[in-house]
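S.K.: Got a structure for you, written out below as structure tokens; questions coming shortly.
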Amino acid sequence: MTKLHPFQYLGAHKLYTEERFLLADEMGMFKTSQAIFANSKFREKKKGKLRTLVVCPTTVREHWGREIERWAYPKNQEVTYVAADSLANDIQKAKTSEWTIIPYHLASNFGDEATQKLTTLGFHHVILDEVHNAKNPNSLRTKAIKKIADQSDYLSLLSGTPIPNTVADLYTLMSLLEPQQYP
């Protein structure tokens with residue numbers, strides 16, 4: 001396994017110990033690897049198969065796949081990429097996959113049926129990369145992601161730009177992190 005840089009241990013440790021946490025490091029500070037490292041620790045804690053959902057911009061989908069291959073432990077975990085043209089089939093594949101990666105734009109078009117199917121898959125760990133893409137509480141994207149994230153045991157919010165534009169944006173982030181406290 002590739003080693004983390006010393007400064008990455010603190011972020012990975014906070015993601016793991018807090019279980020629902022916003023990691024707001026600058027771009028290029030290895031937030032992806034920190035989230036994957038924390039995921040490996042969650043897998044140890046669960047003593048079994050842990051199902052993880054990554055929601056990210058389309059431009060970094062393949063990057064996530066490569067980083068999972070590089071950082072995840074144990075090695076050779078199955079990754080399912082969910083795409084619009086094969087949504088039903090990909091959701092079916094996600095039932096047996098350790099990692100499922102969905103782009104934000106697709107979450108905007110889920111509809112109630114797809115959101116319900118993903119929610120019932122029982123993701124233990126949800127990682128929202130570039131979480132500022134899901135801070136508008138009135139958007140379909142945010143509503144779908146929130147339903148799924150609220151069911152997870154662990155939530156890792158990653159952003160290089162966490163400063164909200166409005167109080168509603170801040171409330172959405174707080175609601176993701178503490179759904180009982182901020183419904």
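The values are calculated or read from the model by the stated rules, or taken from the named source; none is laboratory data. Source: prediction; values computed, not measured. In this analysis, Cβ positions are derived from the backbone assuming ideal geometry, glycine residues included, and neighbour counts consider all displayed protein chains. The protein model used for the area step is the full one, side chains on, heavy atoms only, and it has no ligands, DNA or RNA in it. Shrake-Rupley method; radii C 1.70, N 1.55, O 1.52, S 1.80 Å.
S.K.: Can you tell which of D85, D25 is assigned to a loop (DSSP other than H, G, I, E, B), acidic (D, E) and either out of contact with any Gly (no Cβ under 9 Å at 6 or more places or on another chain) or on the phi < 0 side of the Ramachandran plot (or both)? Show your work before the answer.
M.R.: Values: D85 fails: assigned to a loop (DSSP other than H, G, I, E, B).
None of the others qualify; the one that does is D25.
S.K.: Working only within region 100-124, note down all residues that are surrounded by fewer than 19 Cβ atoms within 10 Å (Cβ to Cβ), among the polar types (S, T, N, Q) and either outside any loop (DSSP other than H, G, I, E, B) or at pLDDT 95 or above (or both).
M.R.: Within region 100-124, T115, Q116, T119, T120 qualify.
S.K.: Checking the condition open to solvent by less than 70 Å² (accessible area, probe 1.4 Å), assigned to a helix (DSSP H, G or I) and small (G, A, S), which residue from S175, S97, S156 passes?
M.R.: Numbers: S97 fails: assigned to a helix (DSSP H, G or I); S156 fails: assigned to a helix (DSSP H, G or I).
Matching residue, one of S175, S97, S156: S175.
S.K.: Between a residue in region 21-35 that is closer than 21 Å to Y73 by Cβ and any residue that is polar (S, T, N, Q) and crowded, with 20+ Cβ neighbours inside 10 Å, which pairs come within a Cβ distance under 7 Å, given they are 6 or more apart or on different chains?
M.R.: Qualifying pairs under 7 Å: F21/S156; L23/Q34; L23/S156; A35/S156.
S.K.: Then there's this: One residue is enough: does region 67-77 have a residue meeting the conditions over 19 Å from L22 (Cα atoms), open to solvent by less than 20 Å² (accessible area, probe 1.4 Å), aromatic (F, W, Y) and touching a residue at least 12 places away in the same chain (Cβ under 8 Å)?
M.R.: yes
S.K.: Would you check which residues across region 3-30 are open to solvent by 60 Å² or more (accessible area, probe 1.4 Å), of a type in the set (K, R) and under 23 Å from L170 (Cα atoms) and list them?
M.R.: Selection gives K14 alone.
S.K.: Would you pick out the residues in region 78-94 that are within 14 Å of the chain's Cα centre (by Cα) and open to solvent by 10 Å² or more (accessible area, probe 1.4 Å)?
M.R.: Those that are within 14 Å of the chain's Cα centre (by Cα) and open to solvent by 10 Å² or more (accessible area, probe 1.4 Å): V79, Y81.
S.K.: Six or more apart or on different chains, Cβ under 8 Å: which pairs go from a residue in region 138-163 that's over 15 Å from L23 (Cβ atoms) to one that's basic (K, R) and surrounded by 15 or more Cβ atoms within 10 Å (Cβ to Cβ)? Could you list them?
M.R.: Within 8 Å, the pairs are T142/K135.
S.K.: Here are some conditions: (1) touching a Ser or Thr at 6+ places or on another chain (Cβ under 9 Å); (2) of a type in the set (D, E); (3) more than 24 Å from K45 (Cα to Cα). D150 meets all but one. Which one does it not meet?
M.R.: Among (1) touching a Ser or Thr at 6+ places or on another chain (Cβ under 9 Å); (2) of a type in the set (D, E); (3) more than 24 Å from K45 (Cα to Cα), the lone unmet condition for D150 is (3).
S.K.: If I ask for residues that are touching a strand residue (DSSP E or B) at 6+ places or on another chain (Cβ under 9 Å) and open to solvent by 70 Å² or more (accessible area, probe 1.4 Å), which ones from region 125-153 would you list?
M.R.: Result: Q151, single match.
S.K.: In addition: Out of curiosity, is K41 more than 14 Å from the chain's Cα centre (by Cα) and open to solvent by 80 Å² or more (accessible area, probe 1.4 Å)?
M.R.: When the stated conditions are applied, K41 does not pass them.
S.K.: Taking the residues in region 56-82 that are in contact with a Lys or Arg (Cβ under 9 Å, 6 or more places away or on another chain) and part of a strand (DSSP E or B) as candidates, determine which candidate is nearest to H132 (Cα to Cα).
M.R.: Y81
S.K.: What is the residue count in region 159-169 for residues that are open to solvent by less than 80 Å² (accessible area, probe 1.4 Å) and part of a helix (DSSP H, G or I)?
M.R.: Residues that pass the stated criteria total 2.
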